[in-house]
1. Looking only at residues that are of a type in the set (A, V, I, L, M, F, W, C) and in a loop (DSSP other than H, G, I, E, B) in the range 48-84, which one is nearest to residue 244 (Cα to Cα)?
2. Name every residue in the range 154-175 that is of a type in the set (Val, Ile, Thr) and either surrounded by fewer than 19 Cβ atoms within 10 Å (Cβ to Cβ) or more than 20 Å from the chain's Cα centre (by Cα) (or both), in order of residue number.
3. Just one of the numbered conditions (1) under 19 Å from residue 127 (Cα atoms); (2) surrounded by 16 or more Cβ atoms within 10 Å (Cβ to Cβ); (3) within 22 Å of the chain's Cα centre (by Cα) is not true of residue 324; which one?
4. For the range 193-203: of the residues being modelled with pLDDT of 95 or more and crowded, with 16+ Cβ neighbours inside 10 Å, which is farthest from residue 247 (Cα to Cα)?
5. Among 397, 352, 372, 307, which is the only one that is surrounded by fewer than 19 Cβ atoms within 10 Å (Cβ to Cβ) and under 22 Å from residue 55 (Cβ atoms)?
6. Which one of 195, 207, 171, 221 is touching a residue at least 40 places away in the same chain (Cβ under 8 Å) and farther than 20 Å from residue 124 by Cα?
7. Considering only the range 261-320, state which residues are farther than 27 Å from residue 193 by Cβ, hydrophobic (A, V, I, L, M, F, W, C) and part of a helix (DSSP H, G or I).
Amino acid sequence: ENLKDCALVIRTAAIHDDNPEISGAVTRGIPVFERAQAWGAIMKGYKNALCISGTHGKTTTTSMLSEILVECGLDPSVHIGGKLDAIGGSTRIGHSDIFAAEACEFNRSFLHMHPTMAVVLNIDADHLDCYKDIDEIEETFGQFLHLLPENGVAIGKGTDERVVRQLSRLNCRTITFGLTADCDVHPAALTEDDNGYYTFDLCAQGNTLAHVKMGVPGRFNVENGLAALTAAWVLGADMSKAAESLARFTGAHRRFELTGLLNGAEMFHDYGHNPAEMRNAVAIARKRCKGTLYAVMQPHTFDRVKHLFNDYLTCTEAADVTVVMDIFSAREKRENYPDLDSGKLVAGMQAHGLNAVWTPSFDDTEAYLRAHLKPGDLAITMGCGDVNLLNEQIEQHEKSGR
């Protein structure tokens, strides 16, 4: 029914071939493309095609850059993997020769892109359901960077050994960003306030380009901001205006987003779904929380939990209590992992000294939080499955007086 008279179907890489819309399109002879293939085809028409890649931080950095380019009058076209109020959603159609888009390594999707400028935020272990190890992940990022033309520009994190190694193998222009002074673009006079918000002077090629006050907390967001500012600088943006824009940036939806109150305690949600991202989210929450900090985790995919099991056990150690929901299975069959569940995660966390509890469902988790949260506490739900709907459920119950 949904196919009707469509001429083309665009799918995400996470959708299986037995999906009725996909199999129906194949049966009817309707062409089916992955999203990255579609964006790659569109990208060919742009003089400046920016692809923001990396294991962590893609949506935030692309969102930062999008707001900067819009507010600097560069009128970009944009595609991000989240919702950004400043562009009215996840896409923006501009009228300049600039197209900025996320480039994801899952299923090697970013190899369909046609970048003239590529940003690599970091290279870390993830998506081990389609990569055998971190070395293969790094090698594939290298293939992505080699899509750049000779007159292209590669921007990479100068304190990430794997990123630097891949940059060194390119023939095009390369620029590094990072927190240390040996990076081409770096901060000087970096200071942090009590809530985790940073200010710094943006330095490049021995010059101070602007003074920056971050609108989102966290040291990792300083790195995201540096990456966005570096790309804007290469495109010729007014760096004072770029810094002012970054100061106004408060994040995309599902990125450390305040969703409401429960028993007078703040409820946040964050899209972080692997241990490194969850650790960052909890670190920000720890700065903000004045009472007891509850880290609520919905582990995402059995395969990720299997491969990164030990990392999960301590990623929420900065929280006072870790609440673990059932594992969210996105693109796999539960029966293939008979010996793995959230109970094993909780047992492992407890063995590492964490105060951890297993609350399988939304209702179980809400009941636990209602019984324990008090004013001054903070609860942050984390995951890229449907755990954000738990926050919505709690908000609805609060409004209805349940």
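The values are calculated or read from the model by the stated rules, or taken from the named source; none is laboratory data. Here the structure is a predicted model, which is why all the values come from computation and not from measurement. Reconstructed Cβ throughout: ideal geometry from the backbone, glycine too, with neighbour counts over all protein chains shown.
1. Going through the range 48-84, the residues of a type in the set (A, V, I, L, M, F, W, C) turn out to be 49-52, 64-65, 68-70, 72, 74, 78, 80, 84.
Next, only the ones that are in a loop (DSSP other than H, G, I, E, B) stay: 72, 74.
Numbers: 72: 10, 74: 15 Å.
Looking at the filtered set, the residue picked out is 72.
2. Going residue by residue through the range 154-175, those that are of a type in the set (Val, Ile, Thr) are 155, 159, 163-164, 174-175.
159, 164, 174, 175 - these are the residues of the range 154-175 that are of a type in the set (Val, Ile, Thr) and either surrounded by fewer than 19 Cβ atoms within 10 Å (Cβ to Cβ) or more than 20 Å from the chain's Cα centre (by Cα) (or both).
3. Unmet for residue 324, out of (1) under 19 Å from residue 127 (Cα atoms); (2) surrounded by 16 or more Cβ atoms within 10 Å (Cβ to Cβ); (3) within 22 Å of the chain's Cα centre (by Cα): (1).
4. Within the range 193-203, the match that is farthest from residue 247 (Cα to Cα) is 203.
5. On the way: 397 fails: under 22 Å from residue 55 (Cβ atoms); 352 fails: under 22 Å from residue 55 (Cβ atoms); 372 fails: under 22 Å from residue 55 (Cβ atoms).
Being surrounded by fewer than 19 Cβ atoms within 10 Å (Cβ to Cβ) and under 22 Å from residue 55 (Cβ atoms) holds for just one of 397, 352, 372, 307, which is 307.
6. Details: 207 fails: touching a residue at least 40 places away in the same chain (Cβ under 8 Å); 171 fails: touching a residue at least 40 places away in the same chain (Cβ under 8 Å); 221 fails: farther than 20 Å from residue 124 by Cα.
Residue meeting the stated conditions: 195.
7. The answer is 302, 305, 309.
This table checks each residue for (1) among the hydrophobic types (A, V, I, L, M, F, W, C); (2) buried (at least 24 other Cβ atoms within 10 Å of the Cβ); (3) closer than 23 Å to residue 115 by Cα.
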{"position": "16", "(1), (2), (3)": "no, no, no"}
{"position": "29", "(1), (2), (3)": "no, no, no"}
{"position": "32", "(1), (2), (3)": "yes, no, yes"}
{"position": "38", "(1), (2), (3)": "yes, no, yes"}
{"position": "42", "(1), (2), (3)": "yes, no, yes"}
{"position": "50", "(1), (2), (3)": "yes, yes, yes"}
{"position": "60", "(1), (2), (3)": "no, yes, yes"}
{"position": "66", "(1), (2), (3)": "no, yes, yes"}
